[in-house]
Amino acid sequence: MGSEGAGKGFAPERFGSTHQVMLDRATPLIEAGLWYRPSYFPILGEKTWRQSCDREVLAVRNHVGVCDVSTLGKIDIKGPDSSKLLDFVYINNFSNLQVQRVRYGLMLREDGFVMDDGTTARLSDTHYLMTTTTAAASQVMCHLDFVHQCLHPEWDVSFNSVTEHWTQFAIAGPKASNLLNDLLDTPLLERDWPFMKCASVEVFGVDCRLFRISFSGELGYELAVPSRYGESLFRILISKAEELGGSAYGMEALNVLRIEKGFITHAEIDGRVTAFDLGMERLMSAKKDFIGKTASQRPGLVDPKRPRLVGLKPVGSVKKLTAGSHLFNEKDPSQANYCRGYVSSVAYSPNLERFHGLAFLEEGIESYGQIIRMVDHVRGIEAICEVTSAIAFDPQGERTRA
């Protein structure tokens, strides 16, 4: 019975509708869950991944970039009680979300720790589309099943995974609207498309969905098309982006862009952090119950001395930061009993011309301006850092809402 549980039978590969485009462009692929996603899109003359990554990051910040984000989990939720389900699994309210609007949500486990995050769009009064992280798509689907079948079987609601039904592209950068208006059957009017709007659109006569959301911190949209059109549309999007001075971008550039903005992934929400640790405690509604609410209010989970999300800026002679490093007071020994926190994500930012790190540090925002020491015992790297806000680029979000 276990004869097929070896090799690809043990670790199956999942390829999206745009996989052939990656192969045609000699794009290195990396695993994201069971999916294979593009690391970066090299061009002639580039010899290292950093050259490609820096170019893609600058293309998004200065022109426009296109990224396949189809592997994010998509769950279609319908029924008169769909709002009740969302209000119960998210810490913030969704029942008051207007039709054709999108909202960010944070989901807790029953023990009060963060399970997942993502955006949910309200397509009609009784129809929502939830997105999850790639890594937690199956976990969230199981979680919704548990809530409906075991906790609230009386609710009139149904939901299905539609991840493979739609191929979705992030289109981000100052020229994102220009690219879209050259593609859509009916051009966008900026006044009709504020940040976090969603609606149906047509591309070459095909019904699509458009969301004004951004994981890059730029003016951004996500365009969802039925998966059978994914490959051809991706080729068209890349061509139009290149005409505008932009490019396709992969996971490496996506990571740099989100770290510059202090956005989280499962590198941060690794099962040990709370909404309080992330600085999102104000999202937690006091007007309703939700899964994990009571447990999240235990004294140990709201202790001001808990490690909380901050940014790191290297200020010493060593300018490199590494994920997984531990943090100490500048003069303290680098021993476990002196550890004040750890580094969750780092990236070299060609915009800031330096490394920027995300970390969890005891006393969090109260430590802004302090000088600490980062120690990577495995790689033998030490760096002196200043504690800063996690958001290093466009802290007011003006570019996102442009």
In the stretch 23-47, which residues have a backbone nitrogen under 20 Å from the label point lying 7 Å from PHE10's Cα in the Cα-to-Cβ direction?
-> 31-36
By the scheme Lys and Arg +1, Asp and Glu -1, what is the net charge of all other residues having a beta-carbon under 12 Å from that of LEU233?
-> +1
Which aspartates and glutamates, on any chain, are close to LYS84 with Cα under 20 Å apart, when same-chain ones fewer than 8 places away are left out?
-> ASP76, GLU110, ASP116, ASP117, ASP125, ASP145, GLU154, ASP156, ASP289
Neighbour net charge for THR119 - beta-carbon separation under 13 angstrom, K R +1, D E -1 | +4
So what is the orientation-averaged projected area of the stretch 139-236, using the convex hull of its C-alpha atoms, in nm²?
-> 8.2 nm²
What percent do you get for the relative contact order of the chain when only Cα pairs under 8 Å and 6+ apart count?
-> 18 percent
Return the whole-Å distance between the Cα centroid of the stretch 207-274 and the Cα centroid of the stretch 352-400.
-> 24 Å
Can you list which of the trypsin sites (Lys or Arg not before Pro) found in the stretch 206-277 are DSSP loop residues with at most 16 other C-beta atoms within 10 Å?
-> ARG272
If R0 = 41 Å, then ARG50 and ASP145, at their Cβ-Cβ distance, give a FRET efficiency to the nearest 0.05 of 0.45
Take the Cα pairs of the chain, get the Kirkwood Rh, then feed it into Stokes-Einstein at 37 °C and 0.692 mPa s and tell me D in µm²/s.
-> 147 µm²/s
Please work out how much length the chain gains when fully extended from VAL162 to TYR342, using 0.36 nm per residue of separation minus the C-alpha to C-alpha distance, in nm with one decimal.
-> 61.2 nm
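Every read-out reported here was derived from the displayed coordinates using simple, explicitly stated rules and does not represent laboratory data. Note that the coordinates shown come from a computational prediction; the quantities given were computed from them, not determined experimentally. Cβ sites come from the backbone with ideal geometry, for glycine too, and all protein chains shown count toward neighbours.
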